[in-house]
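Reviewing the structure listed below.
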Amino acid sequence: MKPSVLQKMREIREAASDLGIPQMAIFSHVDAACGETEKNLKNVYKSKHLKKKMGDFSSSLGIPMNCILPVKNYSHEIQLNPDVDTLILSALRLMIDFGDDYADKL
């Protein structure tokens, strides 16, 4: 990402943090970022390359690693894939939980 985009994202994240709004990031196209996950999507949490990329993103924005959610987009498939669905639904579940916790605080 361009430094200007990262800077803008950091400013938005800090403003949201000041308001007590929880932040998370969706790390998409994990299959294109790493050959290991392209072959087998179940390796998404084992990939050292993805872990490094997510760590770099985490340190540049200040978002904790457990708030960066890796997903694979349905970009070329015409049939559903349980591995893709699992990542997407896991991310959705965490988004709902974060939102629910925030709403309870209000």
**Complete:** By the mean-Cβ-within-10 Å protection proxy, highest first, 80-87, 26-33, 13-20 rank as 26-33, 80-87, 13-20
**Complete:** GNM on the chain, Cα springs under 10 Å; top mean-square fluctuation among Leu89, Leu69, Leu41 goes to Leu89
**Asked** Straight-line reach from Lys46: which aspartates and glutamates have a Cα under 17 Å away, not including same-chain ones fewer than 8 places off?
**Response** Asp31, Glu36, Glu38, Asp56, Asp83
**Request:** Would you mind checking the pairs Lys51/Lys72; Lys2/Lys53; Lys8/Lys48 and listing those with alpha carbons more than 18 angstrom apart?
**Result:** Lys8/Lys48
**Message:** Please compute the contact order of the chain in relative form: average sequence separation of alpha-carbon pairs under 8 Å and at least six residues apart, divided by the residue count, as a percent.
**Reply:** 28 percent
**Asked** Just from the alpha-carbon atoms, what are the Rg and Dmax of the chain in angstroms?
**Response** 15.0, 44
**Prompt:** Can you tell me the accessible area per residue over the chain, all protein chains present, probe 1.4 angstrom, in square angstrom?
**Reply:** 70 Å²
**Asked** What is the gain in length, in nm to one decimal, between Gln7 and Lys51 on full extension, counting 0.36 nm per residue of separation less the C-alpha to C-alpha distance?
**Response** 13.7 nm
**Prompt:** Just from its helices, what would the mean residue ellipticity at 222 nm be for the chain, if runs of 4 or more DSSP H residues each count -39500 (n - 2.57) and the sum is divided by every residue, rounded to the nearest 500 deg cm²/dmol?
**Reply:** -18500 deg cm²/dmol
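The values are calculated or read from the model by the stated rules, or taken from the named source; none is laboratory data. The model shown is predicted, which means the values in this text are computed figures rather than measured ones. When we count neighbours, we look across all protein chains shown, and the Cβ atoms used for this are built from the backbone with ideal geometry, even at glycine. Remember, those area values only see protein heavy atoms, side chains included, never the ligands or the DNA or RNA. Shrake-Rupley method; radii C 1.70, N 1.55, O 1.52, S 1.80 Å.
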